[in-house]
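Written below as structure tokens is the structure these notes are about.
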Amino acid sequence: MSEENLYTFENPEYRHTYWHSCSHIMAQAVKRLWPEVKLAIGPAIDEGWYYDLYAPFAFTPEHLEQIEAEMRKICKEKLRIERFELPRDEALRFMADEPFKVELINDLPEGEVISFYKQGEFTDLCAGPHLDSTGRVKGNALKLTACNAAYWRGDSNRETLQRIYGIAFPKKEELDAYLAKRAEAFKRDHNKLGRELEFFTTVDVIGQGLPVLLPKGARVVQLLQRWIEDLEQSKGYLLTKTPLMAKSDLYKISGHWDHYLDGMFVLGDPTDETKECFALRPMTCPFQYQVFLNRQRSYRDLPMRLGETSTLFRNEDSGEMHGLIRVRQFTISEGHLILRPDQLEEEFKGCLELAKYCLGTLGLLEDCTFRFSQWDPANPNNKYEGTPEQWDEAQRVMGQILDDLGVEYTVGIDEAAFYGPKLDIQYHNVFGKEDTLVTIQIDMLLAQRFGMYYIDENGEKALPYIIHRTSMGCYERTLAYLIEKYAGALPCWMCPEQVRILPVTDRALDYARDIEEKLLTQGFRVTTDSRGEKIGRKIRDAQMEKIPYMLVVGDRDMENNTVSPRHRSGTDLGAMSFDAFTAMLRQEVDSKTIK
């Protein structure tokens, strides 16, 4: 990066430093206004910063306006920001009135440098770095954007804090552009729009992370599921259907009991060896392996491609729940390929091509990125199975395959599965939060745990490699991204309702019903609005519900045996014959056109 760009927002390090300094300015403003508030932590994040605070009252939008005004004053004061260090004992005395800071200091290793940053009357425990003055921050180009609850150190058994988020830019025009983009994101947020359009809901008495798919959402998922299952069958996949739970014995063989127990829902007492203990499945692999193990296999049986529409259960932290994107029960297009080592690259390529085809057809691929998720040999939590030599070999092979296929990727250290490296296809929601949409994993370890031998061409027993993969990923998460991508106006082929017939008068109602029956017979999803409302109201309601096509039928259509379609965009397509309309609709649906 050129010298002139080191201290601009083009430099991620400078941007991070700028936002980190803003978090201290915000904390200083809070302490000026309410000295009784206690400080927790205030890092810079991907977009802006947040600060966790412990207050005897709930922060409201009015409070945030007061904090913003005080922050602007602090920026105008151009306070010098200075760093200093203290020995542990002095640091503890200095922060004696801030219990969360005291805890952080006590948790620092012996010999660790304990540093502080001071600006005017305000000092905070911090490793830095920071700007040299509060005057570097433009007070008219900052905004506090949200406030919500957060647990201290992410532990639901600890204190509940209030987390205030903020954003700032060097110029007010940049802030205005960001806020406009954010406003558009709120309009597209599936957690808001998906509920308004009645794709899903959540109910307190059912539980967090357990959404109820309403008829519209359920229909979209069904359409996607049928498409994926038929597509996988055409690619040589064998369909399986396996139990939703198993005894702990199965998970102990696979390693999930040792490496994934905290993420599982356990039914029974795992410490009571006198009773059977079950757990809901967090993934399907150990179940599908039993299909391979059902009888002796030959090298001629491989590759064996097993696919399943799997319902899975994962005990996610409550703070991680978000609409349909991160839930505790979800459905996934899961599959496992059991193969000979010499088949690995070709089968991996097939999995990647299938995933790219599916995401491309949905219109999501153009916004995806690829991450080569690797192990961390220094991981202190004994997260991984296998030896360093086995991991080096698995990652070498996978890296070679990705390079051969020309995949452009970033590397994610400590993002691998416990049994092997993986390629994660990543996607961002409208607010920029990244999640994995599709994953393809290479596993050279679990076959041995299950004794999954095949007889090779020399008559010897050999262990296969396994690819764990999804073709489209989680149906609920995909639905969320589709709602956000298309602002609720899904492509016609996957819409729960493709056509709504709007009779202009009661005289046209029988004609409308006749058209509805014909469209239903041809496999289209259609309803008739028989309400006694004016046609303008019917059109507006259908547009608000994002129905792709409205067929307005009146006296002239009845006389001429025509229909008058309107697109949800507002385009009037003019009168046409019923056959002409269905031919147009059929072409759009069968080709899975994205408009």
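The values are calculated or read from the model by the stated rules, or taken from the named source; none is laboratory data. Computed from a predicted model, the values in this text were never measured in an experiment. Cβ placement follows ideal geometry from the backbone for every residue including glycine, while neighbour counts extend to all protein chains displayed.
Odds and ends about this structure:
- Condition check for Gln225: part of a helix (DSSP H, G or I), polar (S, T, N, Q) and closer than 26 Å to Glu385 by Cα: no
- Among the residues of the range 208-227, the ones that are over 20 Å from the mean Cα position of the chain (by Cα) and either farther than 30 Å from Arg305 by Cβ or touching a residue at least 40 places away in the same chain (Cβ under 8 Å) (or both) come to 5 in all.
- Count of residues meeting criterion [acidic (Asp, Glu), in contact (Cβ under 8 Å) with a residue 24 or more places away in the chain and farther than 18 Å from Glu232 by Cβ] in the range 330-376: 3
- Test result for Glu110, in the same structural domain as Pro35 (by TED's automatic domain parsing), under 30 Å from Ser318 (Cα atoms) and among the charged types (D, E, K, R): no
- Condition check for Gly268: at positive phi, loosely packed, with under 15 Cβ neighbours inside 10 Å, modelled with pLDDT of 95 or more and assigned by TED's automatic domain parsing to the domain that holds Tyr481: no
- Residue count for the range 180-207, restricted to those that are over 18 Å from the mean Cα position of the chain (by Cα) and surrounded by 19 or more Cβ atoms within 10 Å (Cβ to Cβ): 1
- Cβ pairs under 7 Å, 6+ apart, first in the range 298-320 and free of Cβ contacts under 8 Å to residues at least 40 places away in the same chain, second in a strand (DSSP E or B): Leu312/Phe330; Leu312/Ile332; Glu320/Arg326
- Residues in the range 297-325 that are in contact with a strand residue (DSSP E or B) (Cβ under 7 Å, 6 or more places away or on another chain) and either outside the structural domain of Ile401 (by TED's automatic domain parsing) or within 17 Å of Gly207 (Cβ to Cβ) (or both): Thr311, Leu312, Phe313, Glu316, Gly319, Glu320, Leu324, Ile325.
- In the range 314-373, residue surrounded by the most Cβ atoms within 10 Å (Cβ to Cβ) [restricted to those that are assigned to a helix (DSSP H, G or I), among the small types (Gly, Ala, Ser) and modelled with pLDDT of 95 or more]: Ala355
- Figure legend. Inter-residue proximity from the range 15-28: first residues touching a residue at least 12 places away in the same chain (Cβ under 8 Å), second residues in a helix (DSSP H, G or I) and of a type in the set (Ser, Thr, Tyr), beta-carbon distance below 7 Å, spacing 6+ or different chains. Indicated pairs: Ile25/Thr134.
- Arg513 outside the structural domain of Arg226 (by TED's automatic domain parsing) and either among the polar types (S, T, N, Q) or under 30 Å from Leu193 (Cα atoms) (or both): no
- When Pro129, Pro99, Pro109 are screened for being more than 14 Å from Ser23 (Cα to Cα) and modelled with pLDDT under 95, only Pro109 passes.
- Count of the range 204-222 residues which are in a loop (DSSP other than H, G, I, E, B), hydrophobic (A, V, I, L, M, F, W, C) and touching a Ser or Thr at 6+ places or on another chain (Cβ under 9 Å): 2
- Taken over the range 397-414, residues that are part of a loop (DSSP other than H, G, I, E, B) and buried (at least 17 other Cβ atoms within 10 Å of the Cβ) amount to 1.
- Considering residues of the range 234-254 that are in contact (Cβ under 8 Å) with a residue 40 or more places away in the chain and assigned to a helix (DSSP H, G or I) only, the residue surrounded by the fewest Cβ atoms within 10 Å (Cβ to Cβ): Ile253
- Among the residues of this structure, Phe431 does not count as one that is closer than 24 Å to Asp262 by Cα and of a type in the set (Phe, Trp, Tyr).
- Some residue of the range 375-391 being at pLDDT 90 or above and closer than 14 Å to Arg469 by Cβ: no
- Filter result (in a strand (DSSP E or B) and either surrounded by fewer than 20 Cβ atoms within 10 Å (Cβ to Cβ) or in contact with a Leu (Cβ under 7 Å, 6 or more places away or on another chain) (or both)) within the range 97-121: Ser115, Phe116, Lys118, Gln119
- Take the conditions (1) free of Cβ contacts under 8 Å to residues at least 12 places away in the same chain; (2) in contact with a Phe, Trp or Tyr (Cβ under 9 Å, 6 or more places away or on another chain); (3) surrounded by 14 or more Cβ atoms within 10 Å (Cβ to Cβ); Ala177 misses just one of them, which is (3).
- Residue match in the range 440-450 (condition: in contact with an Asp or Glu (Cβ under 9 Å, 6 or more places away or on another chain) and surrounded by fewer than 15 Cβ atoms within 10 Å (Cβ to Cβ)): no
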